[in-house]
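A.B. asks: Below: one structure in structure tokens.
What follows is calculated from the coordinates using simple rules that are stated; it is not laboratory data. This one's a predicted model, so the numbers in the text were calculated from it and none came from an experiment.
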Amino acid sequence: TRYDYPALIPLIHAILYVFLFIPIFLIKSIIFSQEDLPTRAKNLVELWQQVVIQNQQTQVLYWGRYITAVFGVGVVFLVYQVVKNSFSDYRISLVAAFLTAVNFRQVLNSHLGLPDIYNAFFLLLSFMFIIRLYKKPSTLAYLLVGLGLGLYFSVKYQPYVLPAFILRFPTGKKRR
């Protein structure tokens, strides 16, 4: 019922659930079970309910938090990379990454399954691609910028960041 949040976040979660979390938890349950495998495999529905769903789907909520926390760490790494590529000084990059890592809102959103962390991650990824395009234009650089902006807009529709991208790089100057 909401149209301001596109489908990239649920798609990321679904892919990681199907290919990472569910197989790991099912295998772990089968290996570390006290019952033998034939007894355990007789009732796969019960196994599914015990391992994956648990009490009112709390396991799946934790998986979503794990994914968001990994993207939160990625935001800190991307802040470091973007600042390093913009200012060419690793000390400024370390300060920016540290301030991002201890930012209250950043830490809070990394614990919850909110779209803001994904939004920041893909915004910084797009910005990193734009810096790369500005420094060394190529067909691959243009494709990466398009991919980055497409992923960014697939998390949350926020077109007001585009003027910031445009203002960051002055147009009439000759590049070296």
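A.B. asks: Can you tell me the relative contact order of the stretch 64-162? Whole percent, Cα pairs under 8 Å, sequence separation 6 or more.
C.D. replies: Taking the mean separation of contacting Cα pairs over the length of the stretch 64-162, I get 30 percent.
A.B. asks: Return the sequence-ordered ³J(HN,Hα) values of the stretch 98-104 in whole Hz as given by the Karplus equation 6.51 cos²θ - 1.76 cosθ + 1.60 applied to θ = phi - 60°, using x for Gly and Pro.
C.D. replies: Values, residue by residue: 5, 5, 5, 5, 9, 5, 4 Hz.
A.B. asks: So between Leu112 and Tyr157, what do we pick up on full extension, going 0.36 nm a residue minus the alpha carbon distance?
C.D. replies: So the extension gain works out to 14.2 nm.
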